[in-house]
1. Is segment 98-253 rounded, prolate or oblate when judged by the Cα gyration tensor, a ≥ b ≥ c being the square roots of its eigenvalues, rounded requiring a/c under 1.5 and prolate requiring a/b larger than b/c?
2. For K24, which aspartates and glutamates qualify as cross-link partners when the Cα separation must be under 18 Å and same-chain residues fewer than eight apart are set aside?
3. Could you derive backbone 3J(HN,Hα) for segment 179-188 from the dihedral phi with the Karplus parameters 6.51, -1.76 and 1.60 (θ = phi - 60°), listing whole Hz in sequence and x where the residue is Gly or Pro?
4. By average Cβ neighbour count within 10 Å, what is the ranking of 146-155, 184-193 from highest down?
5. Going 7 Å from the Cα of K122 toward and past its Cβ, which residues in segment 88-116 have a backbone nitrogen under 14 Å from where you end up?
6. Provide Rg over Rh for the chain; use the alpha carbon set for both Rg and the Kirkwood Rh (inverse mean inverse pair distance).
7. What dipole magnitude, in Debye to the nearest 20, does segment 98-242 give about its Cα centre under +1 on Lys/Arg Cβ and -1 on Asp/Glu Cβ?
8. Just to check I understand the Karplus step: with θ = phi - 60° and J = 6.51 cos²θ - 1.76 cosθ + 1.60, what whole-Hz values come out for segment 216-228, glycine and proline as x?
Amino acid sequence: MKYFCGIDIGSTATKIVLTDEEGKIAAHTTAPTGSHFHKNAVEALEALLCRQQIKRQDIGYIVSTGYGRKLFKEADETISEITANAAGARNSGEGAGTFRTIINIGGQDSKIILLDDEGHVKHFTMNDKCAAGTGRFLEMAARNLEIEVDELGDYHMKSTGVPATINSTCTVFAESEIISLMAGGHSREAIVAGIHYSIARRISRLAGKIGIEDKVFFDGGPALNRGLVASFEDELMREIVVPETPQITTAFGAAVIAQEAFAAEGEKINV
Ligand code: ADP
């Protein structure tokens with residue numbers, strides 16, 4: 001049995017997906033990227049292979065993507081995360097073909113990708129200049145509210161009244177705004193909902209500029225946050241498709257491309 005490996009070395013988390021010969025996900029893992037990108041990625045891959053009892057020589061092809069992709073010298077090929085994300089989304093089986101827009105929020109950036117009829121990239125835009133509207137912003141907010149980032153969704157869903165207003169788009173000012181709101185007696189639930197709406201509004205405005213079509217596929221780690229998903233539904237007034245494991249779509253797309261590249265090399269040899 002041959003396996004294909006997609007490795008997405010993101011600013012926050014390294015995601016690895018192994019697919020089998022049928023293109024199905026055989027195993028995946030997520031580990032902190034940390035400051036030692038290469039060492040941590042190699043260790044995460046070794047741990048995954050050991051856990052699955054798969055030998056290194058059983059991997060036919062490795063494609064790396066993401067922020068730290070060029071540092072992963074073991075890869076047979078390197079691709080952009082935009083290409084990998086689109087490949088992952090169109091092969092995800094989650095309503096593939098019914099959406100033409102991907103919103104991806106990562107640790108340090110957010111992207112909007114428009115797809116053509118075949119699910120390939122037609123156009124994209126990216127915010128990687130400012131932490132507002134990224135996973136880092138959510139991490140900062142959770143820290144100030146003294147809750148975990150994976151609890152934000154539950155706090156949002158429990159909020160009943162009007163969400164608190166967060167006006168600052170800059171993380172540093174938003175941090176003082178959150179502290180002032182807490183001092184002013186606003187509940188954590190209302191503040192969390194306000195934060196999610198401010199992110200959804202900001203990204204929806206950006207998406208509106210390049211033109212959203214059909215349903216929206218939402219992925220990246222923050223898509224695990226159902227409060228943020230609900231805010232996007234309200235802001236965009238469209239159905240949002242969230243895959244089961246939204247953090248690994250890009251790594252999965254890299255594995256899909258790895259399998260295609262392996263097949264193409266085999267064809268070259270057989271000519
Ligand atoms: P990158 O590829 O840039 O490393 P990811 O797509 O891995 O980014 O997303 C990382 C972000 O996902 C974190 O900054 C955090 O905000 C968010 N996140 C991670 N796990 C969860 C979770 N369980 N619930 C909600 N948000 C999460």
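1. On the way: a/c = 1.92, a/b = 1.83, b/c = 1.05.
Taking the square roots of the gyration eigenvalues as a ≥ b ≥ c, segment 98-253 is prolate.
2. Partners within reach: D8, D58, E94, E244, E260.
3. These are the phi-based 3J(HN,Hα) values: 5, 5, 5, 5, 5, x, x, 5, 6, 4 Hz.
4. Details: 146-155: 15.9, 184-193: 19.0.
Packing order, densest peptide first, comes out as 184-193, 146-155.
5. 97-102, 113-116
6. Numbers: Rg = 19.3 Å, Rh = 19.2 Å.
For the chain, the value is 1.01.
7. Working: 15 positive and 21 negative charges, 81 e Å.
Using Cβ point charges on Lys, Arg, Asp and Glu, segment 98-242 gives about 400 debye.
8. Running phi through 6.51 cos²θ - 1.76 cosθ + 1.60 with θ = phi - 60° gives 10, 8, 10, 9, x, x, x, 6, 6, 8, 5, x, 5 Hz.
The values are calculated or read from the model by the stated rules, or taken from the named source; none is laboratory data. Because the structure is a prediction, the values reported are computed rather than measured. Every residue, glycine among them, receives a Cβ derived from its backbone with ideal geometry; neighbour counts consider all protein chains shown. Each accessible area value is taken on the protein alone, full model and side chains, heavy atoms only, with ligands, DNA and RNA left out. Shrake-Rupley method; radii C 1.70, N 1.55, O 1.52, S 1.80 Å.
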